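Working notes, beginning with the structure itself.
The values are calculated or read from the model by the stated rules, or taken from the named source; none is laboratory data. This structure is a prediction, so every number in the text was calculated from the model and none was measured. Heads up, the Cβs are rebuilt from the backbone with ideal geometry, glycines too, and the neighbour counts pull from every protein chain shown. What goes into the accessible areas is simple: the full protein's heavy atoms, side chains included, and nothing from ligands, DNA or RNA. Shrake-Rupley method; radii C 1.70, N 1.55, O 1.52, S 1.80 Å.
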Amino acid sequence: MPQVQANGIIIEYESFGPEDRETVLLIMGLGGQLTVWQEELCHELVERGYRVVRFDNRDAGLSTKFDEAGMPDMAAIFGALMTGAKPAAPYSLDDMAADAVGVLDALEVERAHIVGASMGGMIAQLVAANHPERALSLTSIMSTTGNPALPQAKPEAMEVLMAPAAPADDIEAIVARGMKTWTTIGSPGYRTDEKTLREWVLRDARRSFYPVGTARQMAAIVANGDRREKLKNIAVPAVVLHGADDPLVPVEGGKDTAESIPGAELRIVPGMGHDFPVSLVQVFADAITAAASRAAASKAAE
């Protein structure tokens, strides 16, 4: 896959569809690689008339790793938040939003439909808030606002998320942990069969296994805090998509996101959890193209 220099780092990306179309930029969540955005979704969006770009966030996949930053001190970050001090995370979600804009710069895309899932939804929100001139629309999927009053993840979801990483030289242990994670947080109404799930987890483990990067991304999430004031300033058409049965980011996070963004449309999907089953490709694509269509209608009315 190709790479670009963006925001001072190297970012691995992949592009689908003709370059002369409006671009949909897909931003993945915590520890996820660009491959977690299913190719079926990318092709579906191309069929609907868009160019699609997916990329590896910093510290994930084949993009730049911040090895020199080491393991973040999460206790110190939480302690700083409790005292009102600025947390000392290796980098911020705002930096990651600037990475996404850097990808657009490198590809000479002036404005794009910004789509993010989970942590990627937080980053997408910040692209729309911090760089409004670069966003045509926003689709925030299975994400939240950072509001500390919202319900937390279910214990079983938090347990698999925080479980120690498998040894780097034990591929079977890596796959077993990955499958347990996705099974625990996945969609109860749209289960991915075990064979397919194993293929996905094995694919990603062979492509890149870098748990310390996930820890640094988690530090960026925690340090970012409450985004609601920023979300009030988002002016592009927005759709918020969330699973009614999400055990990792409860549905209240989606509701709070939609309430915080002026004019946002909220779509809640019964049976959907915190994963990307192929059986929900049409649902994801419908949300993304609904936001994009509203942007087109708004532009036409100007």
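Here are the numbers:
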| read-out | value |
| --- | --- |
| First in segment 2-18 and closer than 27 Å to GLY49 by Cβ, second anywhere and open to solvent by less than 20 Å² (accessible area, probe 1.4 Å) and of a type in the set (Lys, Arg), Cβ under 6 Å, 6 or more apart | GLU14/ARG54; GLY17/ARG51 |
| Out of THR214, THR181, sole residue that is open to solvent by less than 30 Å² (accessible area, probe 1.4 Å), part of a helix (DSSP H, G or I) and of a type in the set (Ser, Thr, Tyr) | THR181 |
| Condition check for VAL236: surrounded by 15 or more Cβ atoms within 10 Å (Cβ to Cβ), β-branched (Val, Ile, Thr) and closer than 18 Å to GLY61 by Cα | no |
| Of the criteria (1) in a helix (DSSP H, G or I); (2) closer than 21 Å to HIS43 by Cα, which one THR257 fails | (2) |
| Residue check for LEU266: closer than 30 Å to PHE66 by Cβ and either of a type in the set (Asp, Glu) or touching a helix residue (DSSP H, G or I) at 6+ places or on another chain (Cβ under 6 Å) (or both) | no |
| Check on VAL251, in contact with a His (Cβ under 9 Å, 6 or more places away or on another chain) and either open to solvent by 20 Å² or more (accessible area, probe 1.4 Å) or over 26 Å from PRO164 (Cβ atoms) (or both) | yes |
| Any hit, segment 80-103, residues being more than 16 Å from ALA220 (Cβ to Cβ), in contact (Cβ under 8 Å) with a residue 40 or more places away in the chain, charged (D, E, K, R) and open to solvent by 30 Å² or more (accessible area, probe 1.4 Å) | no |
| Some residue of segment 272-292 being open to solvent by less than 40 Å² (accessible area, probe 1.4 Å), in a loop (DSSP other than H, G, I, E, B), at pLDDT 95 or above and touching a Pro at 6+ places or on another chain (Cβ under 8 Å) | yes |
| Within segment 254-271, tally of residues that are open to solvent by 60 Å² or more (accessible area, probe 1.4 Å) and either touching a residue at least 60 places away in the same chain (Cβ under 8 Å) or in contact with a Pro (Cβ under 6 Å, 6 or more places away or on another chain) (or both) | 1 |
| Odd one out for ILE114 among (1) surrounded by fewer than 24 Cβ atoms within 10 Å (Cβ to Cβ); (2) outside any helix (DSSP H, G or I) | (1) |
| From the options ARG177, ARG134, ARG191, residue that is touching a helix residue (DSSP H, G or I) at 6+ places or on another chain (Cβ under 6 Å), modelled with pLDDT of 95 or more and of a type in the set (Lys, Arg) | ARG134 |
| Any hit, segment 174-185, residues being free of Cβ contacts under 8 Å to residues at least 60 places away in the same chain, among the hydroxyl-bearing types (Ser, Thr, Tyr) and under 19 Å from ALA244 (Cβ atoms) | yes |
